[in-house]
1. Looking at the protein assembly as shown, I'd like the Rg to Rh ratio, where Rg is from alpha-carbon atoms and Rh is Kirkwood's inverse mean 1/r.
2. Provide the per-residue ³J(HN,Hα) series for segment C:105-122, in order, calculated from phi with Karplus coefficients 6.51, -1.76, 1.60 and θ = phi - 60°, each as a whole number of Hz, with x at glycine and proline positions.
3. From the phi of every residue in segment D:73-87, what ³J(HN,Hα) in whole Hz does the Karplus formula 6.51 cos²θ - 1.76 cosθ + 1.60 yield, where θ is phi - 60° and glycine or proline is x?
4. Could you pull the copy-to-copy label distances for A:Arg63, with points set 7 Å along Cα to Cβ, in nm to one decimal and sorted shortest first?
5. Find every distance from the label point of D:Arg7 to the corresponding label point in the other copies (7 Å from Cα along Cα→Cβ) and write them in nm, one decimal, shortest first.
6. Divide the volume of the convex hull of the Cα atoms of chain A by its number of residues and quote the answer in cubic angstrom per residue.
7. Counting only Cβ atoms, what residue of chain A lies nearest to the axis that sends chain A onto chain C, and how many whole Å off?
8. Amide H neighbours of C:Ala72 under 5 Å, at least 5 residues apart or on other chains, H built in the peptide plane: list them.
Protein chains: 4
Amino acid sequence: MYSYERRLQWSECDPGGIVFFPNYAKWAVDGLNDMLQSSGYVPNRKLAHGEMEGIPCVEFNMRFFGAPGLHATVRHEIAVIRSGTTSFTVRHRFCSESGTYAEILDTRVWSVHGEDGLRKSPLPPEVVAILNDHLDPPNPE
Amino acid sequence: MYSYERRLQWSECDPGGIVFFPNYAKWAVDGLNDMLQSSGYVPNRKLAHGEMEGIPCVEFNMRFFGAPGLHATVRHEIAVIRSGTTSFTVRHRFCSESGTYAEILDTRVWSVHGEDGLRKSPLPPEVVAILNDHLDPPNPE
Amino acid sequence: MYSYERRLQWSECDPGGIVFFPNYAKWAVDGLNDMLQSSGYVPNRKLAHGEMEGIPCVEFNMRFFGAPGLHATVRHEIAVIRSGTTSFTVRHRFCSESGTYAEILDTRVWSVHGEDGLRKSPLPPEVVAILNDHLDPPNPE
Amino acid sequence: MYSYERRLQWSECDPGGIVFFPNYAKWAVDGLNDMLQSSGYVPNRKLAHGEMEGIPCVEFNMRFFGAPGLHATVRHEIAVIRSGTTSFTVRHRFCSESGTYAEILDTRVWSVHGEDGLRKSPLPPEVVAILNDHLDPPNPE
């Protein structure tokens, strides 16, 4: 599992003084990229001919159990729950010591941004290895 | 059904040149508020004692079928698919003439932001009437 | 002068219930693109060899006189105050009937995003014509 | 001087693959709050009667010298250049080892968000002390 903590900022709260929930989706994108990058794989690489790797989302299911307020410390945990040939699913959990704020199931497809839009592509072996390292439950050996 | 069109802006696209998908969640929030407001109900009203009405989300399920590129005209359709005592569910569809980009099921709870956080509250009769007007399939009469 | 109106959305306000001011910078970017596009010039065009036109900002000076609250109708006015060979300056004014909320001086450079970053490029004649149409004070004829 | 580093995220870049510049304004807001909070003063405190402290901006002047690309490490430095009775000015510098990307002069007014909007208020002594600790050039003693 990959995790880090963030303090909920003024820029991220709504007029009710709690998190503006679309920010969870942004943190899910940035956090997954950070998981790859901190494990040695730079995501969204530039490829030949002006193409670029991407990890577009095909399904993103959010459930909310409580909302952090301004200045709350939020822990973001990312666990891989499925790893396939061209796609994978992670579970994001946003929580504090007192419980879970939100849980997200996030399915991505390994892709190339080319002239004609997005096309899917097999997960690179380095990425498969990183995903396996973050499986929940862990792989038996 | 409530709908409007928006042009996909530079500020809303990612380095791949397509929509940054968390923006759909933002449009869902703003679009639902617009539906209420254009039907005569100002959402997020200030109440007595510094309290405020709110419509927090409890579940938000997004599926993506294709991604609009910079400058694309995106139509946002909102239909109410369930209306209860304190909560309701809407379906957001983002589409163009050539098909559907994304579909979202969005469940909200009518609430009050007070001193001690959020507490749920019955849907006001004016809101029930607006939701009924946007039911899909429409109510038989 | 180019202008349009927007209602201040829940997504755009801070926990104080007023506009989160960095949104003015976002509206300045999108509004200027809209001015060009509604005048017949699609900005940020794709060029040959994976290059793209851009209009990066070199100076952006904001002054604030008051802050609109949630649901306020904000009028955004854009006037061109200088048009040069490769750069130009516009003035953004955000206001309502009761006065000016913010004023911005925004200097942009016509550019190409290429392999080696940004390089400046002369303003296309169609763009010069559009800028002249929005000069304040207007060109004497 | 207060400083920290951030990696430029996918969510923060535009279709040209470089920083979307309004994010600098967001980082300026959050970074200044972090400077206060890491020095022991929680900003945007709730006061009695549903009021809240705030630090609205009255002037914000940005100059850009270069643009970081996706994944760049950006150092954000905040120095206080003026501290008055109810207002103060900070300089934000965004840079890397190879130079300065952007510089911002940011003037704020200490305020209270009340029923009737914002009203200014003297800087609390703890805040004056924190600002003095971050003066550039430093106070002679």
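Readers should treat all values here as calculations from the given coordinates under stated rules, not as data from a laboratory. It should be emphasised that the depicted structure is a prediction, and the values quoted were computed from it without experimental measurement. Virtual Cβ from ideal backbone geometry, glycine too; neighbours counted across all protein chains shown.
1. Numbers: Rg = 23.7 Å, Rh = 25.0 Å.
Across the protein assembly as shown, the Cα-based Rg/Rh ratio is 0.95.
2. Per-residue couplings from phi come out as 9, 10, 9, 10, 10, 6, 9, 10, 7, x, 3, 9, x, 9, 9, 7, 8, x Hz.
3. Ordered by residue, 3J(HN,Hα) equals 8, 10, 8, 10, 10, 10, 10, 8, 10, 7, 9, x, 7, 10, 9 Hz.
4. Copy-to-copy label distances at A:Arg63, shortest first: 1.9, 5.4, 5.4 nm.
5. Copy-to-copy label distances at D:Arg7, shortest first: 2.2, 3.6, 4.1 nm.
6. Details: hull volume 17.7 nm³, N = 141.
It comes to 126 Å³ per residue, whole-number rounded.
7. A:Gly50, 1
8. Amide H neighbours of C:Ala72, under 5 Å, 5+ apart: C:Leu8.
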